[in-house]
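The values are calculated or read from the model by the stated rules, or taken from the named source; none is laboratory data. Because the structure is a prediction, the values reported are computed rather than measured. Because the Cβ atoms are built from the backbone with ideal geometry, glycine has one as well, and the counts that use them run over all protein chains shown. Just so you know, the surface numbers come from the protein's heavy atoms only, side chains and all, with ligands and any DNA or RNA stripped out. Shrake-Rupley method; radii C 1.70, N 1.55, O 1.52, S 1.80 Å.
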Amino acid sequence: MLNLWLGPIVGGLSHRRAHLWGKADGPGVLHAWLGQEPFLVDARLAGQSLPLKAENGYAGVAPISGLFPDTSYYYALTLDSQPPDPIDGPYPEFSTFPLPGQPRPFSFAFGSCFRPINENSGKIFRELEQRRKLDELRFILMIGDQIYADDYNHNGLNSVACNLDEYRQVYQHVWSNQPLRELLKNLPAFMILDDHEVDDDWTWADADRHRAQIPIWNRVLRWLRRRAPLEWKIPQQRVQDALQAYWEHQGMHAPPLELPLGLDEGDQYVLDPADPGSLAYTFTFGAAAFFVMDSRTMRVKSRGKQCVLGEEQWLALEGWLLAVKDDYPLKFLVSSGAVLFQMWVDLARDRWSGFPQERQRLLHFLAANEIEGVHILCGDLHSTHAILAELNGPQGRALPLWEFCSSPFEQKSNWLARHTYVPVSGGLIRSQKNYFTIAENNFGIVRVDFSESGKPQVGFEVYGESGERLAQIQEREGFLPIT
């Protein structure tokens, strides 16, 4: 009898569509059942997946279309064609988004960096589940390091993942965490990778994406600890295997990609030097527009080239910013790494501060085109913060730019962050203030409302693993923060 090893996860959600994801222990087909009764006595077959194959690790998506905006649905994801039994209810639930452009208040969660260390891990997700119920959270953004494939002490392998089967095993080990599974049944998820889905601080060493690299201290440390030679090298095939595992578990249920990467006959990314694709995607919730950046698959760090996004993704991002400038008062840029938070002690230089020309390009584009209502959401730092910068717009006009960071869900905290933070300097930024930096396990919640004049009001709250509120900041009309 087939079993659902992982899932279900609700992904790719919009006002009309949903992607129900699951991973089985063998070949089969996923069946998506929908209804509006908690026990699914009114269940109907709303969609089914393509056959689950070994080539994709028996993972698949049952796409559902033709849904109604702002509507709640109960659902079941099964591996057979029999309707779900009401006796197994109540079933999980999701709600579709409002029509694009409509100003609707809403709240969502975000965070990054989950590394379970024992059977008691996942406490933060239990608290997030409680907050989901209290605040009617609409979705969660998981912005990187959903696994730590390179952490051989905690990834379930006792070695660095070096091939496709091992990357799949790490996902199975981490995503089997029961509090995480319970949360994602009812809280739709949007995901993007950071470095640890492949290896720590990895980049391409050449623009043609033939040679990848990890920092020299990682290589030396693994050599000193007598790790196998495969663990301190990162050939192109290992990157392809890691990205294949990413596709199976995270990318498959995302919204349609802006510039899909090319796949070969085995559904593996080919990483052709001429392929301009990326894993970036966009979505909207009412009057808020989101661009989820892929800051990894085109990242190059070499003597001749330093880039984060790649030229085609830059063009897609800049075109998107101009397209949503006037129609969506709120724009969220989702980046796995911080843009405005930089540290004077930062050997890895793995965030945007390590690519100053790339950061300058983003800030200059926002300022030159007077794009307002922009909020950057990021993770990775193992600490959380809220930064307000004022960009110098045309004719000296001040343009507010916020950055909210939530990290980690469960990892070692970066207690040095608050002591080594320095603002971004340069003529583009008139002023910058960091309102708080917190170094402990946490998740962030963003709350969106609209004033009587129709201007968006955005609040950011941070909660710890015992459910206590650690910090908050609230924009009022005119972007005046209160803490």
Take the solvent-accessible surface of the protein heavy atoms, probe 1.4 Å, and return the percent of it on region 362-403 that carbon and sulfur atoms account for.
45
Looking at region 224-353, I'd like the Rg to Rh ratio, where Rg is from alpha-carbon atoms and Rh is Kirkwood's inverse mean 1/r.
1.01
Counting only Cα, what are the radius of gyration and maximum Cα-Cα distance Dmax of the chain, in Å?
21.6, 68
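Determine the percent antiparallel among the DSSP beta bridges restricted to the chain, to the nearest 5.
The answer is about 75 percent antiparallel.
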Distances longer than 15 Å among the Cα atoms of region 325-402: what percent of all pairs is that?
58
Give a quick list of GluC sites (Glu not before Pro) in region 263-344 that DSSP marks as loop, anything other than H, G, I, E or B, with at most 10 other Cβ atoms within 10 Å.
GLU265
In whole percent, and with a 1.4 Å probe on the protein chains, what portion of the accessible area of region 58-203 is carbon and sulfur?
45
If every alpha-carbon in region 327-483 counts as one equal scatterer, what log10 I(q)/I(0) does Debye give at q = 0.09, 0.10, 0.17, 0.20 1/Å?
-0.28, -0.35, -1.01, -1.36
So, R0 is 25 Å and r is the distance between the beta-carbons of LEU50 and LEU4; what FRET efficiency does that work out to, to 0.05?
0.95
Both in Å, the radius of gyration and Dmax of the C-alpha trace of region 27-93 are 12.5, 37
Report the Cα centroid-to-centroid distance between region 375-410 and region 411-451 in angstrom, as an integer.
7
With a 1.4 Å probe and every protein chain left in place, work out the accessible area per residue of region 22-128 in Å², rounded to a whole number.
44
Please say if region 1-122 is rounded, prolate or oblate, where rounded means a/c under 1.5 for a ≥ b ≥ c the square roots of the C-alpha gyration tensor eigenvalues, and otherwise the choice is prolate for a/b larger than b/c and oblate otherwise?
oblate
Ranked order, SER302, SER466, SER278 - accessible area, probe 1.4 Å, largest first:
SER466, SER302, SER278
Using Cα-only point scatterers and the Debye equation, what is log10 of I(q)/I(0) for region 97-148 at each q in 0.17 Å⁻¹, rounded to two decimals?
-0.66
Taking a probe of 1.4 Å and leaving out DNA, RNA and ligands, region 130-186 shows per residue an accessible area in Å² of 37
Determine how large the accessible area of ASP206 is when every protein chain is in place; take a 1.4 Å probe and give Å² rounded to the nearest 10.
30
How much accessible area per residue does region 242-313 have, in Å², with a 1.4 Å probe?
31
Cβ-based charge dipole, the chain, positive-most Cα from TYR75, ALA348, ILE140
ALA348
What are the chymotrypsin sites (Phe, Trp or Tyr not before Pro) within region 304-402 that DSSP puts in a loop, where the Cβ has at most 16 other Cβ atoms within 10 Å?
TRP344
In whole angstrom, how far apart do the alpha carbon centroids of region 161-191 and region 14-57 sit?
18
Any chance you could check the Cα centroid distance between region 77-124 and region 219-271 for me, in angstrom?
26
So the compactness index of region 43-179, its C-alpha Rg divided by 2.2 N^0.38 Å, takes the value 1.27
Mind ranking 187-200, 244-257 by how tightly packed they are, going by the mean number of other C-beta atoms within 10 angstrom, highest first?
187-200, 244-257
Interchain or sequence-distant (5+) residues whose placed amide H lies within less than 5 Å of the amide H of GLY28 are LEU52
Given 20 °C, 1.002 mPa s and a Kirkwood radius over Cα pairs, the Stokes-Einstein diffusion coefficient of region 419-478 in µm²/s is 153
How do LYS412, LYS305 rank by accessible surface area computed with a 1.4 Å probe, from largest to smallest?
LYS412, LYS305
